[in-house]
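Take a look at the structure below.
The values are calculated or read from the model by the stated rules, or taken from the named source; none is laboratory data. These numbers were taken from a predicted model, which means no experiment stands behind them. Every residue, glycine among them, receives a Cβ derived from its backbone with ideal geometry; neighbour counts consider all protein chains shown. What goes into the accessible areas is simple: the full protein's heavy atoms, side chains included, and nothing from ligands, DNA or RNA. Shrake-Rupley method; radii C 1.70, N 1.55, O 1.52, S 1.80 Å.
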Amino acid sequence: MGWFLGFGIAGLVVLALSLVFDGLLESLGGGLDGFLSLPVIAGFVSALGFTGAIVTGATGAGVLVATLVGVAAGVLAGWSTWWFGRTLIRDGDAPAPRGEDLTGTSGAVVTAIPAEGYGEVLLYLAGQPVKYAAKSATPVARGSRVWVDAVLSPTSVTVRPVD
């Protein structure tokens, strides 16, 4: 059981090293596309070790049975790590939010907007609250709901009250 725990701990050490050296083995891998990444290797070795230790300790099975079960768990952990990594990498294709995306959205007035001049509105850009300087053709009281008609600059918008 000691060997299995050693493998499990070694896998965790490799996982810690992957924070610094990930991508090194992939560059040497010759087209394996992430199968030789340090997180995948760490997942495999940790799952093999800890699963083998559990099987040996809980069932009293021999080393061969514990190794086979550990290898199966390691393959599952390594494949899962590779699959989740590929999924996260593909998610990066989404465009970054821009100020122009605010046109047509609603928000709340934080500082009253006078007939001539600027007030402030709280809008949500990509789910994050952002405060913008706001201009309106009519005065708008604090706390009122408004629609964004146009984006004037990266920090200011034109709004109208919600009817």
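Go ahead and estimate [θ] at 222 nm for the chain from helices alone: -39,500 (n - 2.57) per DSSP H run with n ≥ 4, summed, over the residue count, rounded to 500.
It lands at -15500 deg cm²/dmol.
For the peptides 4-16, 43-55, what is the packing order when you average, over each peptide's residues, the other Cβ atoms within 10 Å and list the highest mean first? Write down the numbers at each step before the final one.
Values: 4-16: 16.8, 43-55: 23.1.
In descending order of packing, they fall as 43-55, 4-16.
Looking at segment 95-142, which trypsin sites (Lys or Arg not before Pro) are in a loop (DSSP not H, G, I, E or B) and have at most 14 other Cβ atoms within 10 Å?
Answer by residue number: 98, 142.
In what sequence, largest accessible area first, do 156, 80 appear using a 1.4 Å probe?
My answer, sorted largest first, is 80, 156.
When the accessible area of segment 92-163 is computed with all protein chains present and a 1.4 Å probe, what percentage of it is carbon and sulfur?
Values: 2460 of 4400 Å².
Whole-percent figure for carbon plus sulfur exposure: 56.
Skip the ligands, DNA and RNA, and give the accessible area per residue of the chain with a 1.4 Å probe, whole Å².
Ligands and nucleic acids excluded, the figure is 62 Å² per residue.
Can you give the direction-averaged projected area of the convex hull of the alpha-carbon atoms in the chain, in nm²?
Spelled out: convex hull of the Cα atoms, projected over all directions, averaged, 15.2 nm².
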